[in-house]
Amino acid sequence: DFNETERHYSYAILQAPFPVNGYVSTIRVHTVPGRDDVAEVQWSGRFNPKGATEQEVVDLFTGIYADGLDALNQTLSA
């Protein structure tokens, strides 16, 4: 799903090396009131753990999301 007006897109990973199935993720860009030079990016996901605990998978994706958002921030700040 992609919506330019609402500034978000969602995607599914059908096959991946992650211990999950049913993975769907959404990235949203929010405006920051009173700031034209700043935006907030929210990245979230839903999944069913498969062969790992829920906490293990949450920790895995929390790290992936943090690294991805950090890379985005570095790219856009350059």
Exercise for review: Taking only protein heavy atoms into account and a 1.4 Å probe, give the accessible area per residue of the chain in Å².
Suggested key: 76
**Study point:** segment 1-43 - Kirkwood radius from inverse mean 1/r over Cα pairs (Å)
**Key:** 12.1
Study note, to complete from the structure: Note, segment 58-66: 3J(HN,Hα) by Karplus (6.51, -1.76, 1.60, θ = phi - 60°), whole Hz, Gly/Pro = x, goes 4, 4, 4, 6, 4, x, 4, 5, 4
Point to revise | Portion, in percent, of the accessible area of the chain that falls on carbon or sulfur, probe 1.4 Å | key: 51
Review point. What residues have an amide H closer than 5 Å to that of Tyr23, excluding those fewer than 5 places away on the same chain, when H is modeled at 1.01 Å from N in the peptide plane?
Key: Ile13, Asn48
Exercise for review: With label points built 7 Å along Cα→Cβ from the Cα atoms of Lys50 and Ile13, find their separation and express it in nm.
Suggested key: 1.2
Check your understanding: How much net charge surrounds Phe61 when only the other residues with a Cβ under 13 Å from the Cβ of Phe61 are counted, with Lys and Arg +1 and Asp and Glu -1?
Key -> -3
Exercise for review: Consider a paramagnetic label point 7 Å from the Cα of Thr31 along Cα→Cβ; state which residues of segment 1-25 have an amide N under 12 Å from it.
Suggested key: 6-7
Exercise for review: Return the sequence-ordered ³J(HN,Hα) values of segment 6-17 in whole Hz as given by the Karplus equation 6.51 cos²θ - 1.76 cosθ + 1.60 applied to θ = phi - 60°, using x for Gly and Pro.
Suggested key: 8, 6, 8, 8, 10, 8, 10, 10, 7, 9, 7, x
Review point. Which value, in Å² rounded to 10, gives the accessible area of Asp37 with a 1.4 Å probe and all protein chains present?
Key: 120
Point to revise | Cα-only Debye scattering, the chain: base-10 log of I(q)/I(0) at q = 0.13, 0.20, 0.24, 0.26 Å⁻¹ | key: -0.49, -0.97, -1.18, -1.27
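The values are calculated or read from the model by the stated rules, or taken from the named source; none is laboratory data. Quick caveat: nothing in here was measured; it's all calculated off a predicted structure. Neighbour counts are summed over all protein chains in view; Cβ atoms, including those assigned to glycine, are modelled from backbone coordinates with ideal geometry. Heads up: the accessible areas ignore ligands, DNA and RNA and are worked out on the full protein's heavy atoms, side chains in. Shrake-Rupley method; radii C 1.70, N 1.55, O 1.52, S 1.80 Å.
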